[in-house]
Amino acid sequence: NKKTLLNNCAPRATYHKIDDPGMLKQMDDRWTELTSDVKDSKDYQGFWGHEFLKHGTCCEGHDTEEAYFKLAMRLKDRFDLLTILRASGIIPGNYYSIDSIQKAIKGVTRAVPNLYCNPDPNNPRM
């Protein structure tokens, strides 16, 4: 059912930290935790744990942390949003309509992105 959001599919799941140094480096380089320093990011993995528990538990066939994150990074490489937006003339630092951003992303991914505006630019996590 493509009309249902896939979030929190296994509410009792637990997150198993990534221990492999190579995988940790890839994760830090390509899916950076922006709200803590590098050491805390790798030690506690709060952001990655949140992403896995919310979305990874819904990812059939990629139900381990490592499998889910490898898939996510492959998809990120395939659908690099900054590249997609730049190809449509949308660059950071300017203002664009949500429609123009959605059209650019849908043109490549064939899916309408779930976008929202940040009400407080001084606190990007709000």
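The numbers here are math on the coordinates, done by the rules we state, and not lab data. Predicted, not measured: the structure shown is a model, and the values here were computed from it. Methodologically, a virtual Cβ is constructed for each residue, glycine included, from the backbone with ideal geometry; neighbour enumeration extends over all protein chains shown.
Note on the chain: with charges restricted to the Cβ of Lys and Arg (+1) and Asp and Glu (-1), its dipole about the Cα centre is near 620 debye. Paramagnetic label reach from GLN26 (point 7 Å along Cα→Cβ; backbone nitrogen cut-off under 20 Å): within segment 59-84, residues 59-81.
Counted by Cβ distance under 11 Å from LYS17, the other residues give a net charge of -4, where Lys and Arg count +1 and Asp and Glu count -1. Under the simplified labelling scheme, the HIS62-ASP43 pair shows an inter-label distance of 3.0 nm, with each label point 7 Å from Cα along Cα→Cβ.
Normalising the average separation of contacting C-alpha pairs (under 8 angstrom, six or more residues apart) by the number of residues puts the relative contact order of segment 21-78 at 28 percent.
Say the cut-off is 27 Å between C-alpha atoms; which of LYS70/LYS106; LYS39/LYS70; LYS39/LYS103; LYS76/LYS103; LYS17/LYS54 go over it? In this structure, LYS39/LYS103 exceed 27 Å between Cα atoms.
By the Cβ distance rule of under 4.7 Å, the chain has these cysteines without a partner: CYS59, CYS117.
Taking Kirkwood radius over Cα pairs in Å as calculated from this structure, the corresponding entry among [x] 16.5; [y] 16.9; [z] 16.0 is [x]. Per-residue 3J(HN,Hα) values for segment 16-21, derived from phi via the Karplus relation 6.51 cos²θ - 1.76 cosθ + 1.60 with θ = phi - 60°, read 9, 4, 6, 9, 5, x Hz in sequence order (x marks Gly and Pro).
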